[in-house]
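Below you'll find the structure I mean.
The values are calculated or read from the model by the stated rules, or taken from the named source; none is laboratory data. Predicted, not measured: the structure shown is a model, and the values here were computed from it. Ideal geometry is used to build each Cβ from the backbone, glycine not excepted, and the neighbour counts take in all protein chains shown.
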2 protein chains.
Amino acid sequence: MLDCQDHEVCIESAMREAESICQEKGLRFTELRREVLRLIWLSHIPTKAYDILEKLKGKAWSAKPPTVYRALDFLLETGLVHKLDSINAYIGCSHPREHDGCYFLICTDCNEAKECCSPELTDAIELAWSKNSFRPKKVTLEVLGQCGQCD
Amino acid sequence: MLDCQDHEVCIESAMREAESICQEKGLRFTELRREVLRLIWLSHIPTKAYDILEKLKGKAWSAKPPTVYRALDFLLETGLVHKLDSINAYIGCSHPREHDGCYFLICTDCNEAKECCSPELTDAIELAWSKNSFRPKKVTLEVLGQCGQCD
DNA sequence: TTAAAAATTGTTATATTATAACATTTAAGT
DNA sequence: ACTTAAATGTTATAATATAACAATTTTTAA
C-alpha cells in the first residue's frame, strides 16, 4: 500500500516528532508511552490493543490491559495515534501537528492502512452538516477495500 | 434531531418496506428477525446489541447473544440495518433500497442519529480513493457532535 | 409424501475489547 | 524535604462478539 521506502526512517521520524510535540505541549512522554507508540509504528498495519499488550510483556513490563489502554488514551488525546473504529485497531498519525480532517484507506488484503487528507472531502462534509445545522466534534471516515498493490 | 412526526408511522413503513424487500429477494423474514428489526426501529437512537437481547428476553424468546447477533447479521447483509462503528450500535436504514453512499450524524447529547446522503460527498470520496488507486468495498462515515435541537 | 439437504434457531462456552476501582510509585511544585 | 499531582501497578469485571455443536424448522427434490 505504502510509499514508505525505509521504515526505520519512518519510525524514527515519527518518534522524533512525538518527542518534540510533547515537549512543546509540556506533556510527559514516558518510557511506557514511548514504547507503545514505537510498537504501533512498527508497521503500517494497524495494531490491536491486545497485540501491544503481548509485545509489552516481552519487554520487561508488567503489562495488563489498563497499562496499554492508558497509554493509548494519552496518545489519542495528544493526536499521535488514531483509532480505526471499523477494525478496532490503532495506527500512528502521520502528521500529528495537523491531526484532523483525515480519512483512512484500509486494505483488507495486506491489512495496511493509509492516512489521507482531502480538502474537497472536508469541504463536502462541512457543507453537508451545515445543511443539517449540526455541530461536529469528531469525524470518522474509513474506507475498507483493496489497495493498488493487492488489486 | 429528527423530522419524524409520528414515529408509529415511521416504524410501520420501515417494517412494510422490509417485508417487501425480503419477499422480492426471496429471503426469510422470520418472526425473530422481524422482532429485532422492530426493536431497533423503536427509536431513532441507535440500539446496542445487548439492549436488544434484554428486550427480546421480555418477549418469550430464549434469547442469548448469538440469537441477536445472527439476526443483526441478516439485517446488515440485507441492508435493513446499519452498524455505527464509532458507538457500537445499530440503527434502521431509512432507505434500504439504496443502502449505500450514506453517512451518519450522531448527536452526543440526545443520542439520536440521522442517516444522510450527499452526492457531493460520495463524489469527493470517489475522487480521493481513485487518486490512491484504491478499490473500496465499504465506507464508514460517522460524524459525532451536537444536533440543531441540542445546540 | 417423504427422505435428504439446507437454513434457522437453541445452547454452552469462550474470545475480544475495554473500563472501574483502588494501591503504589514516581515526578513536580513549593 | 514535603506535599500534591500524575503515572503506573493490580485485581476484578464490564461490554461486545463469535465458535462450535445440537435441535428444529423449512425447503428441495426423489
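Determine which single condition residue A:125 fails, assuming it passes every other condition in (1) more than 9 Å from every other protein chain (Cβ to nearest Cβ); (2) hydrophobic (A, V, I, L, M, F, W, C); (3) within 27 Å of residue B:115 (Cβ to Cβ).
Looking at each condition in turn, residue A:125 falls short on (1).
Same structure, new question: Could you check residue B:22 against (1) loosely packed, with under 12 Cβ neighbours inside 10 Å; (2) modelled with pLDDT of 95 or more and say which number it fails?
The number of the failed condition is (1).
Yes or no: the stretch B:50-58 includes at least one residue that is touching a His at 6+ places or on another chain (Cβ under 9 Å), under 27 Å from residue B:110 (Cα atoms) and in the same structural domain as residue B:84 (by TED's automatic domain parsing).
Within the stretch B:50-58 (the criterion being touching a His at 6+ places or on another chain (Cβ under 9 Å), under 27 Å from residue B:110 (Cα atoms) and in the same structural domain as residue B:84 (by TED's automatic domain parsing)), the answer is no, since none of the residues qualifies.
Residue check, residue A:114 against (1) touching a Ser or Thr at 6+ places or on another chain (Cβ under 6 Å); (2) away from DNA strand C (no atom under 13 Å from the Cβ), all met but one. Which one?
(1)
Quick check on the stretch B:85-103: of everything there that is modelled with pLDDT of 95 or more and under 15 Å from residue B:44 (Cβ atoms), which residue is surrounded by the most Cβ atoms within 10 Å (Cβ to Cβ)?
Here the residue is B:92.
Please list, ordered by first then second residue, the pairs with beta carbon atoms under 8 Å, 6 or more apart or interchain, first in the stretch B:129-149 and more than 7 Å from every other protein chain (Cβ to nearest Cβ), second surrounded by 12 or more Cβ atoms within 10 Å (Cβ to Cβ) and not aromatic (Phe, Trp, Tyr).
Listed pairs, sorted by first residue: B:149/B:1; B:149/B:107; B:149/B:110.
Go through the residues of the stretch A:118-131 one by one and say whether even a single one is touching a strand residue (DSSP E or B) at 6+ places or on another chain (Cβ under 8 Å), of a type in the set (Phe, Trp, Tyr) and not in a helix (DSSP H, G or I).
No, that holds for no residue.
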